[in-house]
1. Assuming R0 = 41 Å, can you tell me the calculated FRET efficiency for the pair LYS54 and THR110, based on Cβ-Cβ distance, to the nearest 0.05?
2. Would you mind computing, in nm to one decimal, how far apart the modelled labels at GLU117 and GLU33 are, each placed 7 Å from Cα along Cα→Cβ?
3. List nothing, just return the count: lysine pairs in the chain, 8 or more apart or interchain, with Cα separation under 17 Å.
4. Percent relative contact order of the stretch 1-142, based on C-alpha pairs within less than 8 angstrom and at least six residues apart?
5. Suppose only helical runs count, i.e. DSSP H with n ≥ 4. What mean residue ellipticity at 222 nm does that imply for the chain under -39500 (n - 2.57) per run, divided by all residues and rounded to the nearest 500 deg cm²/dmol?
6. About its Cα centre, how strong a charge dipole does the stretch 2-159 have in debye, to the nearest 20, once Lys and Arg get +1 and Asp and Glu get -1 at the Cβ?
7. May I ask for the net charge around PHE37, where only other residues with Cβ less than 12 Å from the Cβ of PHE37 are counted and Lys, Arg are +1 while Asp, Glu are -1?
Amino acid sequence: MLTVKWFMGEKDDLSDAYAIRREVFCGEQNCPEDEEFDGSDDSCVHLVMYEDEKPVATGRVLIGDDYFKIGRVATLKTHRGIGLGKSIVQTLIGACVAMGGHRQIIHAQTVAQGFYEKLGFVAFGDEFDEAGIPHIAMEHFGGAKTCGSSHCGGCAKGRE
């Protein structure tokens, strides 16, 4: 049985989210721990998905001045391909909108760009390096899919 729990940065124990991120980002992708654990976790809202009380997927939201930044979305290798990543991102988008964040951004690994495009994110800017991995900035507006144009802010076409 899958369950979801929310954690509020410095107020809660983030060890389950950290364990997933350590395995996926540090273990599989060789991201240095000092870059993965960037000092922002205490200021973020975290989501952890559990299967029978075992943490299997996670993500977080950092609240900025004019955006909500979704990040650190990770699913254990044993649980990939069944839609958990999609569920995590959609749940985080919903939380952003509920908290008043009508613009969500993500620094997506370029290999995951198509995944985020299917969820309504649109790339902007140039590719950049983050922790030795190519990334692209992407944005999403509101709770609706965008039409995919660079100017879209959740237009009527995106709500179809």
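1. With a Förster radius of 41 Å, E is 0.85.
2. With each label placed 7 Å out from Cα toward Cβ, I get 3.7 nm.
3. Value for the chain: 11.
4. Computed value for the stretch 1-142: 20 percent relative contact order.
5. -5500 deg cm²/dmol
6. 1000 debye
7. -3
Every number here is computed from the coordinates shown, using simple stated rules; none is lab data. No experiment lies behind these values; they were computed from the predicted model shown. Ideal geometry is used to build each Cβ from the backbone, glycine not excepted, and the neighbour counts take in all protein chains shown.
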